[in-house]
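These notes are about the structure you will find just below.
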Amino acid sequence: MKKIFITGASGLVGSNLAKLSSDFYEVYGFYNQNKPNFPKVTWIKCNLENLDFEKHFLEIKPNFCFHFAGLSKVNFCEENPKLTEIVNVLATEKIAKICEKIGCKLIFASTDLVFDGTKKSYTEKTETNPLSIYGKSKLEAERKVSENCKNSVVARFSLVFGKNSFSFGENFSEFLVKSFKNSEKVKVFFDQTRATISAKNLVECLLELAENEFKGLMILAGNKNISRVEFAERIAEILKLNKKMIVPTKTEEILDVKIVPLRIKLDNSLAKKILNTKILEFEEGIVREFLPLNCVE
Ligand SMILES: NC(=O)c1ccc[n+]([C@@H]2O[C@H](COP(=O)([O-])OP(=O)(O)OC[C@H]3O[C@@H](n4cnc5c(N)ncnc54)[C@H](OP(=O)(O)O)[C@@H]3O)[C@@H](O)[C@H]2O)c1
């Protein structure tokens with residue numbers, strides 16, 4: 001059986017990959033603070049800040065490493081630039097060098113925030129211009145991956161929606177569903193649009209990228225840009241929940257729009273050309289992630 005190593009296996013993307021792959025691969029997962037209760041994965045506690053994880057890779061010798069762990073809250077990164085550099089850049093550089101050394105294909109999760117949002121749409125060829133410390137750290141990490149590991153993929157994605165496979169977390173879509181179910185008002189940005197993608201759909205694409213010959217940069221995004229309010233309304237409609245809980249809010253009331261672009265439209269044409277996995281329409285993704293609704297505690 002091939003071996004998969006997932007960093008950030010307790011997070012939204014990592015947990016979905018860990019669950020999906022655990023029937024067909026031997027799966028090892030790093031967690032930091034939240035140990036999942038899922039026995040089909042060998043769990044290893046690791047704080048990337050310490051940069052002392054090489055021994056695990058040498059022992060396990062994985063065929064594929066999916067590097068998802070990192071600091072991804074834009075405001076937190078802005079306030080903690082040194083820590084962001086260590087976790088997002090230095091740890092990624094080290095992982096890339098280890099993967100090269102042990103002959104492991106590396107799949108790295110990057111972000112649409114390497115872009116500034118001023119262009120109509122973004123392909124793999126569009127020039128980058130990150131505005132935030134988070135976006136800059138991910139772009140630097142992308143460079144470390146491509147410079148240090150020949151057999152690697154950098155996947156850039158926008159907002160990912162869905163359910164953490166091992167816990168009910170606090171990501172945007174989980175928070176919306178929970179608020180709707182509890183009849184709690186929720187502030188949602190009406191002026192921010194993204195080509196959002198379902199976590200389950202995303203990890204199928206990532207697994208296919210690991211197994212095929214593709215190397216280099218690929219955008220993985222949904223088929224159309226939708227605003228966060230439209231996103232919240234469609235979730236409420238599909239799950240038959242109360243959309244009156246949505247309070248449309250201007251992004252600048254909560255976030256610094258100088259570092260978080262309002263509109264980023266990722267173009268997924270390359271992914272559609274290369275991958276056999278179908279990129280789901282937004283509505284199909286919601287059904288896949290959240291129905292039956294009793295999966296939501
Ligand atoms: N979700 C999105 O919308 C989105 C969009 C674009 C790009 N991305 C990128 O995709 C990746 C995965 O995102 P996600 O949504 O799955 O993230 P997430 O749910 O926030 O999970 C973050 C993961 O990183 C781990 N982690 C955080 N700090 C760590 C540290 N110091 N040492 C070791 N592990 C650490 C966490 O472990 P514990 O929970 O165990 O502490 C968790 O497993 C990230 O790199 C993110 O930048 C995500």
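The values are calculated or read from the model by the stated rules, or taken from the named source; none is laboratory data. Remember, it's a predicted structure, so these values are computed and weren't measured experimentally. Cβ sites come from the backbone with ideal geometry, for glycine too, and all protein chains shown count toward neighbours.
Some notes on this structure:
- Scanning segment 126-181 for residues that are of a type in the set (Phe, Trp, Tyr), closer than 28 Å to residue 233 by Cβ and in a loop (DSSP other than H, G, I, E, B) yields one hit, 168.
- Any hit, segment 185-201, residues being away from the ligand (no atom under 12 Å from the Cβ), over 19 Å from the mean Cα position of the chain (by Cα) and more than 24 Å from residue 253 (Cβ to Cβ): no
- Among the candidates 273, 200, the residue that is without any contact (Cβ under 8 Å) to a residue 24 or more places away in the chain and closer than 30 Å to residue 149 by Cβ is uniquely 273.
- Taking the criterion of being touching a Lys or Arg at 6+ places or on another chain (Cβ under 9 Å) and more than 22 Å from residue 202 (Cα to Cα), the residues of segment 96-111 that qualify are 97, 99, 100, 102, 103.
- Matching residues, segment 34-66, being outside any helix (DSSP H, G or I), near the ligand (Cβ under 6 Å from one of its atoms) and touching a residue at least 24 places away in the same chain (Cβ under 8 Å): 34, 46
- Residues of segment 1-13 that turn out to be near the ligand (Cβ under 8 Å from one of its atoms) and without any contact (Cβ under 8 Å) to a residue 40 or more places away in the chain, as a count: 0
- Yes/no for residue 224 being among the basic types (Lys, Arg), outside any strand (DSSP E or B) and touching a helix residue (DSSP H, G or I) at 6+ places or on another chain (Cβ under 6 Å): no
- Close pairs (7 angstrom Cβ cut-off, 6 or more residues apart or separate chains): farther than 19 Å from residue 111 by Cα and hydrophobic (A, V, I, L, M, F, W, C) in segment 158-179, modelled with pLDDT of 90 or more and within 11 Å of the ligand (Cβ to nearest atom) anywhere: 166/10; 166/15; 166/36; 168/174
- With respect to the conditions (1) within 13 Å of the ligand (Cβ to nearest atom); (2) surrounded by fewer than 22 Cβ atoms within 10 Å (Cβ to Cβ), residue 129 lacks only one, and its number is (1).
- Close pairs from segment 14-33: first assigned to a loop (DSSP other than H, G, I, E, B), partner surrounded by 22 or more Cβ atoms within 10 Å (Cβ to Cβ) and of a type outside the set (Phe, Trp, Tyr), Cβ under 9 Å, at least 6 apart: 22/4; 22/41; 25/4; 32/8; 32/10; 32/48; 32/69; 33/10
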